[in-house]
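**Student:** Quick one: this structure, given as structure tokens, is what I'll be asking you about.
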Amino acid sequence: MGRVILVCSGKGGVGKTTFAVNLSIACAKKGQKVLLMDLNVGRRNIDIYLGMEDRILFDLGDVISGLCRLDKAIAAYDLCAGLYILACPQYREIEGFGPGHVKALYDRLRSDFDLIIVDCPVSLGGVLRTVAGDADTALIVTIQDYSSVRNADALNEKLQTLGVSRRFFAINRMEKQYSGAVNIPSLSFITKALQIPLVGIVSEEPAIHLANNSGYPVALEDGSDMELRFLQMAARIQG
């Protein structure tokens, strides 16, 4: 049975979707059959980051409404064998979408994929309960910012109450020039605040921003430092 990994954050702008996309690529490169599912309903971006805007014919909303079968909404990613995409609606909500739908969806997908990696919406309320109830693992993405760390801590506690027992965190957009600055949360401060395992750190790199906008994620580049980082994080998250 496949496992569900949530990629989530306590606030927007920390690079959560970038992590979800590149982590999915890394896991597929390790030989796993991976589904990357976008649950940022009404605000999807994974198709842009993967250069698949013109490939999405159906989405999760069409499946829930009965317009198409689940397999019709799942698209293979041509640039990485073993990776598949399930997009959410771009401009609309999914009427009546609740925990029951998500549980049934996860159960169905577990039989077809080794991993289901979910790009989660930013939420600490009902939306989080909807997507997290039957997940196996969560990766919380944060940055070196006191408000981001506080929100990551609140998210970590919420995920624990929802029964997600395996939780990790990663630090994104770390800027070397701020190392040791008294008004920037240090690595030790963040680790102590969250009290869950750290799986990796990604520095602020213009190449990542350029890759997202070009539709060619950094983890695709064989032998690159970014590929290695995400491969290592994938291994740590899976134990």
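**Student:** Taking residue 33, is it at pLDDT 95 or above, open to solvent by 10 Å² or more (accessible area, probe 1.4 Å), within 19 Å of residue 215 (Cβ to Cβ) and not acidic (Asp, Glu)?
**Tutor:** no
**Student:** Right, residue 62: open to solvent by less than 30 Å² (accessible area, probe 1.4 Å), within 14 Å of residue 131 (Cβ to Cβ), touching a Cys at 6+ places or on another chain (Cβ under 9 Å) and acidic (Asp, Glu) or not?
**Tutor:** No; evaluated as a whole, the condition is false for this residue.
**Student:** Right, another one. Would a scan of region 97-104 turn up a residue that is touching a Phe, Trp or Tyr at 6+ places or on another chain (Cβ under 9 Å) and buried (at least 20 other Cβ atoms within 10 Å of the Cβ)?
**Tutor:** no
**Student:** Report yes if residue 108 is touching a strand residue (DSSP E or B) at 6+ places or on another chain (Cβ under 8 Å), free of Cβ contacts under 8 Å to residues at least 40 places away in the same chain and either of a type outside the set (Ser, Thr, Tyr) or assigned to a strand (DSSP E or B) (or both), otherwise no.
**Tutor:** no
**Student:** Can you pull out every residue in region 227-239 that is open to solvent by 70 Å² or more (accessible area, probe 1.4 Å), out of contact with any strand residue (DSSP E or B) (no Cβ under 7 Å at 6 or more places or on another chain) and under 20 Å from residue 176 (Cα atoms)?
**Tutor:** Once the filter is applied, which keeps residues that are open to solvent by 70 Å² or more (accessible area, probe 1.4 Å), out of contact with any strand residue (DSSP E or B) (no Cβ under 7 Å at 6 or more places or on another chain) and under 20 Å from residue 176 (Cα atoms), region 227-239 yields only 228.
**Student:** Here's a check for you: in region 1-57, which residue that is part of a strand (DSSP E or B) and of a type in the set (Val, Ile, Thr) is farthest from residue 237 (Cα to Cα)?
**Tutor:** My answer is 34.
**Student:** In region 201-226, which residues are part of a loop (DSSP other than H, G, I, E, B) and open to solvent by less than 50 Å² (accessible area, probe 1.4 Å)?
**Tutor:** Listed by number, the residues that qualify are 215, 217, 224.
**Student:** Taking region 110-141 as the region of interest, how many residues are touching a Pro at 6+ places or on another chain (Cβ under 9 Å), open to solvent by 30 Å² or more (accessible area, probe 1.4 Å) and among the β-branched types (Val, Ile, Thr)?
**Tutor:** Of the residues in region 110-141, 1 are touching a Pro at 6+ places or on another chain (Cβ under 9 Å), open to solvent by 30 Å² or more (accessible area, probe 1.4 Å) and among the β-branched types (Val, Ile, Thr).
**Student:** Just need a number here: residues in region 36-56 that are over 20 Å from residue 97 (Cβ atoms) and open to solvent by 20 Å² or more (accessible area, probe 1.4 Å).
**Tutor:** Number of matching residues: 6.
**Student:** Let me ask another. Looking at region 94-118 only, could you name the residues that are under 20 Å from residue 71 (Cβ atoms), among the acidic types (Asp, Glu) and in contact with a helix residue (DSSP H, G or I) (Cβ under 9 Å, 6 or more places away or on another chain)?
**Tutor:** 112, 114
**Student:** Restricting the search to region 193-210, which residues are over 17 Å from the mean Cα position of the chain (by Cα) and among the small types (Gly, Ala, Ser)?
**Tutor:** 193, 203, 207, listed by residue number.
**Student:** Are there any pairs, at least 6 apart or on different chains, whose C-beta atoms fall under 6 Å, with the first in region 74-89 and closer than 14 Å to residue 49 by Cα and part of a loop (DSSP other than H, G, I, E, B) and the second at pLDDT 95 or above and among the small types (Gly, Ala, Ser), and if so, which?
**Tutor:** The qualifying pairs are 80/28.
**Student:** From the list 128, 139, which one is assigned to a strand (DSSP E or B), in contact with a strand residue (DSSP E or B) (Cβ under 9 Å, 6 or more places away or on another chain) and hydrophobic (A, V, I, L, M, F, W, C)?
**Tutor:** The conditions single out 139.
**Student:** Taking region 7-29, which residues are at pLDDT 95 or above and of a type in the set (D, E, K, R)?
**Tutor:** If the condition is that a residue be at pLDDT 95 or above and of a type in the set (D, E, K, R), then 29 is the only one that fits.
The values are calculated or read from the model by the stated rules, or taken from the named source; none is laboratory data. Please read all numbers here as calculations on a predicted model, not as lab measurements. In this analysis, Cβ positions are derived from the backbone assuming ideal geometry, glycine residues included, and neighbour counts consider all displayed protein chains. Just the protein is used for accessible areas: all its heavy atoms, side chains included, with ligands, DNA and RNA removed. Shrake-Rupley method; radii C 1.70, N 1.55, O 1.52, S 1.80 Å.
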